[in-house]
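**Q** Attaching a single structure in structure tokens format; questions to follow.
The values are calculated or read from the model by the stated rules, or taken from the named source; none is laboratory data. All values reported here derive from a predicted model rather than from experimental measurement. Don't worry about glycine lacking a Cβ; one is built from the backbone with ideal geometry, like all the others, and counts go over all protein chains shown.
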């Protein structure tokens, strides 16, 4: 073969190889361009463009009427691009200038602007005039961007519900936290093209990505009803509440619910705090005690015992019960507040009189299994699911260890630990026809365009009693207010149903002498309830009927009028004639109880009588070993003082439940310093 032919073959082969390579290269370039082009372009932009985040405005929080309770107001953030600052060689000079404008130490500012990061925030929430001065200086690598900060126009109003947002506009407590995803919005950014050395490119491209504002969260809370409740709490916490005479409780809460839907119209707690300055508030003041604190409910819980007994047909309102002054269980006497008892009475009158032995009888007839079934069905010992972080579950006595005496104490509202929201939710089930509904705080979520994103949806948990039982108990509880122990909450022209309650406070496995949790629960109108309310006042030497009932009476009346609920022409204008032994005298001025500890009975009675009090005794002996209320406690003049008798300094070995002659008051005394049941109420 000639050399010329060989050369032509070699050239053809080389050309073929080059052609194959070019075809493969074209195919590869086409593949990269078509299938990976977008991703590669994004990576290139990310390496060339650096963004300064633009914070979105958080959505508003409003009440059910559209009143703004939380909003975002414009502010600005000062930032640095450290690479550009270092390139300028003016870091120290700029740090000194910025420190004077921002009120930060120069060394701290210099540390920010020279930090080895792509972007560094120097200070957030800068005043507009300061930001304008910084822009005017045109410092290399220093800029400002739009920001916002949270503002609460009504200050402390509904602060425990709303919560607050931090300096980075993130929700930290309350609705601000639980609805963070809806409120926060989507950040935007300002993009600028940079070279590999971190310096902006001349004639570089700029891009602005607008932030998306957060949604508006509209609450079920009504600002005016919330204000009514907080007004009364402020009076209490300043010692100006009805019958307070300067006494200040440790804490208090008022809850208002629509019993038919579970919508919370008010949820107020005291002490309160200003979310605009949440850093200055004591952490205890930020605690939502209506949701996170448990307590022994006392006689307000008798509503649940009565509902269970009526539903299971263990009693009828016209059936008679004889109260001899006490009910003996396992050798211990559960006493009636009225010396000698109420004698023969119907179960309707048992409820009106808040007769402890009568309610113990209901509990004993129900039995342990049935009683616990209703405890669970009404939602005790479990979270209600209300949209608040840190909700407590309460504490129920261990059923396996509970005795008949435990059942007796539980029937009258002692032993078990509940939260205010649990109790109001349970009572609302009695008021609304027998259905337990989930308490809710959010009415709806609305987008920036005004479109409803998430509408309100009533959530029924379960039916707990029949409509017939609900109707019957509403009538009984209305009679409690008209004729019985709840008469201090009577509203002329309105049909109100309710129940007072007072329980001694528990600490270290025993009861604190002379310090009570006073409460009152009510709903109105009694025949077609629109409002259900609960007031709980912690740490006062007064009783539910004296302190809590007038507070709730004021909130109830203002709320009914505000909602346009007209008085019922068929409703009584004055309370009915009290039953024998249930005569209510006008409220009197609080008086200090003299201490009679260690005195002989005759001398103690003389001292108490001279101070305007009546003496009641318990136990055997001639010496006073203990007393309730304790010495120096402020109580209503003319109240009964319970004296515990003995022959020596030993503690009496009995349990006692006692009520003031004006309202329903329970006070359990310990046995040798211990609660007279299988375990302490807070230990179950």
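**Q** Taking the condition of being surrounded by 20 or more Cβ atoms within 10 Å (Cβ to Cβ) and in contact with a strand residue (DSSP E or B) (Cβ under 8 Å, 6 or more places away or on another chain), how many residues in segment 361-376 meet it?
**A** 1
**Q** Oh, and also: Report whether or not residue 514 is assigned by TED's automatic domain parsing to the domain that holds residue 227, modelled with pLDDT under 90 and either part of a strand (DSSP E or B) or over 30 Å from residue 595 (Cβ atoms) (or both).
**A** Considered against the rule, which asks whether it is assigned by TED's automatic domain parsing to the domain that holds residue 227, modelled with pLDDT under 90 and either part of a strand (DSSP E or B) or over 30 Å from residue 595 (Cβ atoms) (or both), residue 514 comes out as yes.
**Q** So, one more: Can you spot a residue in segment 365-377 that is out of contact with any helix residue (DSSP H, G or I) (no Cβ under 6 Å at 6 or more places or on another chain), part of a loop (DSSP other than H, G, I, E, B) and in the same structural domain as residue 483 (by TED's automatic domain parsing)?
**A** Within segment 365-377, not a single residue is out of contact with any helix residue (DSSP H, G or I) (no Cβ under 6 Å at 6 or more places or on another chain), part of a loop (DSSP other than H, G, I, E, B) and in the same structural domain as residue 483 (by TED's automatic domain parsing).
**Q** Right, here's the next one. Kindly evaluate residue 452 against the criterion of being touching a strand residue (DSSP E or B) at 6+ places or on another chain (Cβ under 8 Å), free of Cβ contacts under 8 Å to residues at least 24 places away in the same chain and closer than 18 Å to residue 218 by Cα. Give the steps one after another, and end with the answer.
**A** Numbers: touching a strand residue (DSSP E or B) at 6+ places or on another chain (Cβ under 8 Å): yes; free of Cβ contacts under 8 Å to residues at least 24 places away in the same chain: yes; closer than 18 Å to residue 218 by Cα: yes.
For residue 452, the condition - touching a strand residue (DSSP E or B) at 6+ places or on another chain (Cβ under 8 Å), free of Cβ contacts under 8 Å to residues at least 24 places away in the same chain and closer than 18 Å to residue 218 by Cα - is met.
**Q** Additional query: Tell me the residue from 225, 221, 254 that is crowded, with 24+ Cβ neighbours inside 10 Å, assigned to a helix (DSSP H, G or I) and in contact (Cβ under 8 Å) with a residue 40 or more places away in the chain, please.
**A** Values: 221 fails: assigned to a helix (DSSP H, G or I); 254 fails: assigned to a helix (DSSP H, G or I).
Every option except 225 fails the conditions.
**Q** If a residue must be in contact with a strand residue (DSSP E or B) (Cβ under 8 Å, 6 or more places away or on another chain), assigned to a loop (DSSP other than H, G, I, E, B) and surrounded by 18 or more Cβ atoms within 10 Å (Cβ to Cβ), how many such residues does segment 316-337 contain?
**A** 1
**Q** Then there's this: When segment 338-352 is examined, which residues are found to be touching a helix residue (DSSP H, G or I) at 6+ places or on another chain (Cβ under 9 Å) and either in a helix (DSSP H, G or I) or free of Cβ contacts under 8 Å to residues at least 24 places away in the same chain (or both)?
**A** 341, 347, 348, 349, 350, 351, 352
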